[in-house]
Amino acid sequence: MFVNRSDSEQLNKIRQEVNKQASIDTIIDLCQSISQQVTDEQLPLTYAGILLASGQRIADSIRVLKLCVDRTFSHVLADYLVENQDFAPAAKAFQETTPYDVWTQTDLYKSQMTGTLKAIASFARKNPPPAANLCPTIIDIGSGNGILIVEIVKQILALYPLESIHIISIEQSPEMLAVTQKYCQESISIPVVFTPICCKIQEITTQQLEIIRQYHPIWFMNASLSLHHMPKEIKIPTMKMLAGLSAYCSISEAHYNHDLPEKDTPELIYSVTESYGFVIQDVLNSRASEIDKKLCIDNFLLTEAINILKNDRQNRGDYHALISEWEEIAEQGSWAVVEITPTVSLPERPFAFTMELKSKTLN
Ligand SMILES: C[S@@+](CC[C@H](N)C(=O)[O-])C[C@H]1O[C@@H](n2cnc3c(N)ncnc32)[C@H](O)[C@@H]1O
């Protein structure tokens, strides 16, 4: 997920030429000469293609991206630009559930979910529900289409014969929240008390917190692929606030470098194109229909990637961070890190992970 310093210096020469509005032939020549000197020989063309797209030089971007034959992200983005003639997201992420539903059927999502469920089962075995509480409360932050929280409850029921369960779902999208509520109530075999709280977790109000406090002690919180939607400086106070709500939290995240690097840097563009390229390839390999694949890629994955690449840091939308960054955020946010478990691993690094946390505020 890192570009070494010498590769970064080489790639920055391309940025200077693009900023100077150099001709496309000059840029391609420069990329081809730099490709001999960097670790990843197709990165210079990918890097130039993204910078050109960000500068709305769409025809030039398409020409360059089409030269990166082996890179999923480059050729998928080239096709998108040909069709849309604009480097702009096709949708607002999570406004409708279908693009996310398609992704939750992929092998990658299923592996990530299996890893998360194993980690939560291991936590639940060690930490039973609060004593004599036959309807324990759990909080799910950013529930998406609800598929994960339903599976979490099924895992818990395999361990403890609960009479009912109370789920507090904190989700910023009213559409996703409604789908989660319906799915929980239809798919869980015991009575479910469901408390929907529609807000961004970092903007939760005092009144909404009061509702949650009525149900203390909260057994645990789960935040899977949802806390990366804010920058590090907001993640830390948000984690501090969460440390006052429950003694335990499980977070699952992707090990990407999308928080600290500035716009247009080789580090950011490398991380976005590699990580989203990998996820997009998994969608392309899936058994979904061609229409569904396109919807998932255009309205969810490319939508997120374009927002990260095109906007200034404060408007990026997604701020996936590296494991070491999450460890620091947890510590500074009043949590002790109990265990980190990779959920999806690539040959040379983890791709996604879960982190079990214990509150330093509530003991
Ligand atoms: C990638 S999905 C994860 C869904 C589910 N947790 C899972 O693992 O399948 C992220 C979800 O978090 C929600 N979300 C994004 N930012 C949020 C925030 N700041 N607070 C609460 N929910 C958020 C999105 O609307 C979306 O439904």
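The values are calculated or read from the model by the stated rules, or taken from the named source; none is laboratory data. All values derive from a computational prediction rather than experimental measurement. Using ideal geometry, Cβ is built from the backbone for each residue, glycine included, and neighbour counts are taken over all protein chains shown.
A few notes on this one:
- Some residue of segment 255-264 being more than 21 Å from G142 (Cβ to Cβ) and acidic (D, E): yes
- Single condition I212 does not satisfy, out of (1) in contact with a helix residue (DSSP H, G or I) (Cβ under 9 Å, 6 or more places away or on another chain); (2) more than 10 Å from the ligand (Cβ to nearest atom); (3) not in a strand (DSSP E or B): (1)
- The conditions of being buried (at least 20 other Cβ atoms within 10 Å of the Cβ), farther than 14 Å from P99 by Cα, hydrophobic (A, V, I, L, M, F, W, C) and touching a Leu at 6+ places or on another chain (Cβ under 8 Å) are met by I251.
- Test: residue in segment 309-318 that is within 20 Å of N222 (Cα to Cα) and either outside the structural domain of S252 (by TED's automatic domain parsing) or not basic (K, R) (or both): yes
- With respect to the stated conditions, P231 is touching a residue at least 40 places away in the same chain (Cβ under 8 Å) and either among the aromatic types (F, W, Y) or within 12 Å of the ligand (Cβ to nearest atom) (or both).
- Restricting attention to segment 103-135, the residues being surrounded by fewer than 20 Cβ atoms within 10 Å (Cβ to Cβ) and in a loop (DSSP other than H, G, I, E, B) number 10.
- Long-range neighbours under 6 Å by Cβ, at least six apart or interchain, first residue assigned by TED's automatic domain parsing to the domain that holds L209 within segment 165-181, second in a helix (DSSP H, G or I) and near the ligand (Cβ under 9 Å from one of its atoms): S169/T180; I170/I201; E171/L177
- Residue check, L309 away from the ligand (no atom under 16 Å from the Cβ) and surrounded by 22 or more Cβ atoms within 10 Å (Cβ to Cβ): yes
- Within segment 139-161, considering residues that are under 21 Å from S250 (Cα atoms) and more than 13 Å from the ligand (Cβ to nearest atom), the one surrounded by the fewest Cβ atoms within 10 Å (Cβ to Cβ): A158
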